[in-house]
Amino acid sequence: MKKKSKWRLIGYSIAGILIAGAAVIGYEFYQLQPANHFKDIPVASSGTSDTTNTTKSTDKTENTDQQTKGNGPVFNILLLGSDERPGETIGHSDTMMLAHVDLGKNQINAISIPRDTRVHLNGYGYTKLTSVQYILQADKGVNQGIIGSVDAISELTGVPINYYMETNFQGLEAMVDSMGGIDIYVPTNEKINGQPVAAGTHFVDGKTVLALARERHSIASGDYGRQQVQLEAIKGIAKKALNPSNISNLPSLISSMSKYMIGSNMSTSDMVSLGMAMKNIDLNKQIHYKQIEGTQKVLYDDILKANNDQIVIDPQVMKSTITEYFH
């Protein structure tokens, strides 16, 4: 083979490899586009599940009207925060936020549910919602406890849950630190570790975000005020991830953040595609948030075999809120 022909052949081979590589990258990018990615959306819990049936598959996919209405994918995500401590393998559901994501409208409707909400756990009796995960994890294992909590929230609200993500205290702190800190808006004055924190926007590290997200005793509205801070923490993390300087690194950033999940049915590609969709959502104007409020009562807890403070939610209040925010 002549030397010139040899180099021409090598050149064609390299060009072919580059074209093939570009085609693969282009295809993957196309597949990650939210409209293409979120076609077969799983149903983790249908909204009418038996909360003791925690062995069912969470990989089921259904094409429902809810998923196809409008001009883009629509689905519900449950965000959970566990109070699981270092060295422990079980914990209570400390944060429960349910979000209705409408990518056709570039809009998110979200509700927070009080951790002390009174629920009936089949096979066990009446207890607090926060205890469902702990009880089932102790009896059936870590993952089954998380799924049981998802079922309980789905049944309480009557809302089918497509995706769920749960992190714990260490995960939240490490996630924020991996991003180099975030800006968080604190709605009202509060104290953390005895030190006053004025209302307003603060740049904080993971340890401080965790302390702010857990504090309720120095906030006049107690747990409801804490829920608002938790929403702001989520928004702060999203804003940092979607900052123009981080967009090119979004896949690797989300991949690293996914390591801090202790339970989720979302794959890394699901999270990356959702992150791409979030770029089109104004986190200050297109997130509509409501807290589900109830009446605090001292009631008997069948699990603890004693009275404790529980939140009783009026079914009509829940129904009207779900109708407004999820349909």
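The values are calculated or read from the model by the stated rules, or taken from the named source; none is laboratory data. On a predicted model such as this, the values are computed, not experimentally measured, just so you know. Note: ideal-geometry Cβ built from the backbone for every residue, glycine included; neighbour counts use all protein chains shown. Surface areas here come from the heavy atoms of the whole protein model, side chains and all, with no ligands, DNA or RNA. Shrake-Rupley method; radii C 1.70, N 1.55, O 1.52, S 1.80 Å.
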| query | Can you tell me which residue in the range 167-188 is modelled with the lowest pLDDT, limited to those that are surrounded by fewer than 16 Cβ atoms within 10 Å (Cβ to Cβ) and of a type in the set (Ser, Thr, Tyr)? | reply | 178
| field | For residue 268: the one exception among (1) under 13 Å from residue 185 (Cα atoms); (2) open to solvent by 20 Å² or more (accessible area, probe 1.4 Å); (3) of a type in the set (Val, Ile, Thr) | value | (1)
| request: Filter the range 133-166 down to residues that are among the small types (Gly, Ala, Ser) and out of contact with any helix residue (DSSP H, G or I) (no Cβ under 7 Å at 6 or more places or on another chain) and give me whichever is most open to solvent (accessible area, probe 1.4 Å). | output: 138
| task | Please work out which residue is nearest to the chain's Cα centre (by Cα), limiting yourself to the range 81-132 and to residues that are among the hydrophobic types (A, V, I, L, M, F, W, C) and open to solvent by 10 Å² or more (accessible area, probe 1.4 Å). | result | 99
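The rows are residues; the columns are (1) in contact with a Leu (Cβ under 8 Å, 6 or more places away or on another chain); (2) assigned to a loop (DSSP other than H, G, I, E, B).
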{"residue": "101", "(1), (2)": "yes, no"}
{"residue": "104", "(1), (2)": "no, yes"}
{"residue": "115", "(1), (2)": "yes, yes"}
{"residue": "126", "(1), (2)": "yes, no"}
{"residue": "130", "(1), (2)": "no, no"}
{"residue": "137", "(1), (2)": "no, no"}
{"residue": "148", "(1), (2)": "yes, no"}
{"residue": "153", "(1), (2)": "yes, no"}
| said: Looking for something within 26 Å of residue 46 (Cβ to Cβ) and at pLDDT 95 or above - is there at least one such residue anywhere in the range 284-307? | reply: yes
| task | Take the residues in the range 189-204 that are among the hydrophobic types (A, V, I, L, M, F, W, C) and in a strand (DSSP E or B), then tell me which one is most open to solvent (accessible area, probe 1.4 Å). | result | 203
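Can we say residue 132 is touching a strand residue (DSSP E or B) at 6+ places or on another chain (Cβ under 6 Å), in contact (Cβ under 8 Å) with a residue 12 or more places away in the chain and over 23 Å from residue 77 (Cα atoms)?
no
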